[in-house]
Amino acid sequence: MRISALIKRILRQLLRDKRTLALMFVAPLLILTLMYFLFNGNTVDPKLGVVGIEEQLVDGFKKADIQVINLEKAKHDSVIDQDLDGLLQADPDSGKMILTLRNDDTSKAKALQMKVNQVSAAQMQKKLIQQNPAAAGMAAEQIDTKYVYGNKNTVFFDVLSPILVGYFVFFFVFIISGIGLLRERTTGTLERLMSTPIRRWEIVTAYLTGYGIFAVIQTVIVVLYAINVLDIVLAGSIFHVILINLLLALVALSLGILLSSFAASEFQMIQFIPVVVIPQVFFAGIFPLEGMADWLQGIAKIMPMYYAGDALKSVMYKGMRLSDISTDLIALVIFAVIFIVLNIFALKKYRTL
């Protein structure tokens with residue numbers, strides 16, 4: 001009897017909490033649908049620039065589902081300037097072919113290298129057989145491989161790790177700031193504070209500064225630990241990495257404080273994670289965006305982690321400077337300003353005097 005009464009009370013509480021019910025049933029469907037579209041995106045054929053390569057070999061590349069772009073001359077930055085995944089050119093001095101891989105996506109780079117080697121080996125074998133039938137089975141000459149980013153030992157985690165550093169900073173700052181301000185509300189501290197002549201922007205500034213000090217310390221610890229202890233790849237400046245993560249922490253801090261205004265308990269604050277935090281990782285650069293549907297690429301542009309992930313990957317893996325990632329930094333600043341302004345308006349409902 002007591003057990004049944006307790007069960008009824010729990011059921012009534014859940015039925016009254018419409019947000020919990022909605023998230024319990026809708027959030028899994030939302031994440032599952034998002035993953036469905038992400039993993040069922042269109043496959044984008046790699047783009048290969050060629051200079052001085054025989055037409056028969058070029059035809060073989062096209063049959064292997066490689067987009068071939070003929071270039072008259074290869075410049076130093078041809079792979080980047082032409083937005084290529086690789087560049088294959090004949091070396092007139094040694095007579096060998098040189099393959100330069102962009103290698104900003106190791107899985108795509110390895111797949112392109114394998115296709116180029118297979119097609120080249122098949123073409124070379126065909127030539128040898130035509131010249132000397134007894135040459136069947138002889139090994140084809142290897143292609144020299146160079147890399148724009150990384151090297152032959154670069155693995156997928158080297159590309160993934162900069163994004164993970166930023167994501168964990170975003171995740172934990174969001175949770176700590178959101179629950180921290182929520183505790184201020186549930187204990188009545190915020191209501192008492194709002195009854196004083198203090199301005200709303202002053203409250204927002206104070207909370208952002210207070211929680212921001214600990215967010216800065218956490219960010220610096222995470223970055224230094226990842227680079228110095230875990231030996232995560234760092235091709236650029238560590239100060240630039242810290243700056244990007246601090247901007248991302250400010251965005252997470254202001255967003256966490258904003259969403260805490262719409263939560264009545266810590267449990268409801270946690271419910272924002274599958275809706276706000278988890279989707280961020282899908283658009284941070286772990287999954288290639290070019291194969292996604294246009295509407296998914298549009299959603300990616302309104303995700304802070306999209307810009308933070310690109311900036312961190314550019315600095316830590318590619319060794320770029322701040323001027324090269326200025327667009328990403330400006331986008332993070334805009335997100336932070338928007339959330340801070342919304343925080344000022346959100347506090348208005350707590351001022352009763």
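The values are calculated or read from the model by the stated rules, or taken from the named source; none is laboratory data. Just so you know, these numbers come straight off a predicted model, no measurement behind them. Here the Cβ positions follow ideal geometry from the backbone for every residue, glycine too, while neighbour counts run over all protein chains shown. Note: areas computed on protein heavy atoms with side chains; ligands, DNA, RNA excluded. Shrake-Rupley method; radii C 1.70, N 1.55, O 1.52, S 1.80 Å.
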Qualifying residue in the range 47-61 (condition: in contact with a Lys or Arg (Cβ under 7 Å, 6 or more places away or on another chain) and surrounded by 14 or more Cβ atoms within 10 Å (Cβ to Cβ)): yes
Where Ile3 falls short, out of the listed (1) closer than 30 Å to Lys318 by Cα; (2) β-branched (Val, Ile, Thr); (3) over 29 Å from the mean Cα position of the chain (by Cα); (4) open to solvent by 50 Å² or more (accessible area, probe 1.4 Å): (1)
The range 271-301: number of residues that are without any contact (Cβ under 8 Å) to a residue 40 or more places away in the chain and part of a helix (DSSP H, G or I): 7
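Residue by residue, here is whether (1) open to solvent by 30 Å² or more (accessible area, probe 1.4 Å); (2) outside any helix (DSSP H, G or I) holds:
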{"site": "Thr196", "(1), (2)": "yes, yes"}
{"site": "Thr205", "(1), (2)": "yes, no"}
{"site": "Val216", "(1), (2)": "yes, no"}
{"site": "Val223", "(1), (2)": "no, no"}
{"site": "Asp231", "(1), (2)": "yes, yes"}
{"site": "Leu234", "(1), (2)": "yes, yes"}
Qualifying residue in the range 304-315 (condition: under 19 Å from Phe239 (Cβ atoms), assigned to a helix (DSSP H, G or I) and basic (Lys, Arg)): yes
Cβ-Cβ under 7 Å pairs, at least 6 apart or on other chains, the range 325-344 side farther than 19 Å from Ser237 by Cα, far side of a type in the set (Phe, Trp, Tyr) and modelled with pLDDT under 90: Ile344/Trp201
Odd one out for Ile221 among (1) modelled with pLDDT of 75 or more; (2) in contact with a helix residue (DSSP H, G or I) (Cβ under 9 Å, 6 or more places away or on another chain); (3) not aromatic (Phe, Trp, Tyr): (2)
Any hit, the range 104-115, residues being open to solvent by less than 30 Å² (accessible area, probe 1.4 Å), modelled with pLDDT of 85 or more and either closer than 19 Å to Lys318 by Cα or out of contact with any Ser or Thr (no Cβ under 6 Å at 6 or more places or on another chain) (or both): yes
Test: residue in the range 224-233 that is touching a residue at least 12 places away in the same chain (Cβ under 8 Å) and closer than 24 Å to Met269 by Cβ: no
Number of the exception - Leu255 against (1) hydrophobic (A, V, I, L, M, F, W, C); (2) surrounded by fewer than 18 Cβ atoms within 10 Å (Cβ to Cβ); (3) at pLDDT 85 or above; (4) farther than 27 Å from Lys108 by Cα: (2)
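Test Leu248 against the criterion of being buried (at least 21 other Cβ atoms within 10 Å of the Cβ), farther than 22 Å from Leu30 by Cα and in contact with a helix residue (DSSP H, G or I) (Cβ under 6 Å, 6 or more places away or on another chain), and give yes or no.
Taking the combined requirement at face value, the residue satisfies it.
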Output for the range 66-110, where each listed residue is without any contact (Cβ under 8 Å) to a residue 24 or more places away in the chain and under 22 Å from Phe287 (Cβ atoms): Gln67, Lys110
Residue within the range 274-286 that is more than 30 Å from Arg102 (Cα to Cα) and of a type in the set (Gly, Ala, Ser) present: no
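Would you mind finding the one in Asp328, Asp294, Asp324 that is exposed (fewer than 14 other Cβ atoms within 10 Å of the Cβ) and either within 30 Å of Asp45 (Cβ to Cβ) or not aromatic (Phe, Trp, Tyr) (or both)? Walk me through how you get there before you give the answer.
Details: Asp328 fails: exposed (fewer than 14 other Cβ atoms within 10 Å of the Cβ); Asp324 fails: exposed (fewer than 14 other Cβ atoms within 10 Å of the Cβ).
The conditions single out Asp294.
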Residue among Val119, Val58, Val44 that alone is among the aliphatic types (A, V, I, L, M) and either in a strand (DSSP E or B) or without any contact (Cβ under 8 Å) to a residue 24 or more places away in the chain (or both): Val58
Residue check for Leu30: touching a residue at least 24 places away in the same chain (Cβ under 8 Å) and open to solvent by 70 Å² or more (accessible area, probe 1.4 Å): yes
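Have a look at Ala336, Ala263, Ala346, Ala331 and point out the one that is over 12 Å from the mean Cα position of the chain (by Cα) and in a loop (DSSP other than H, G, I, E, B). Step through it out loud before you land on a result.
Values: Ala336 fails: in a loop (DSSP other than H, G, I, E, B); Ala346 fails: in a loop (DSSP other than H, G, I, E, B); Ala331 fails: in a loop (DSSP other than H, G, I, E, B).
One residue alone meets the criteria, Ala263.
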Failed item in (1) open to solvent by 80 Å² or more (accessible area, probe 1.4 Å); (2) in a helix (DSSP H, G or I); (3) at pLDDT below 80, with Gln142 passing the rest: (2)
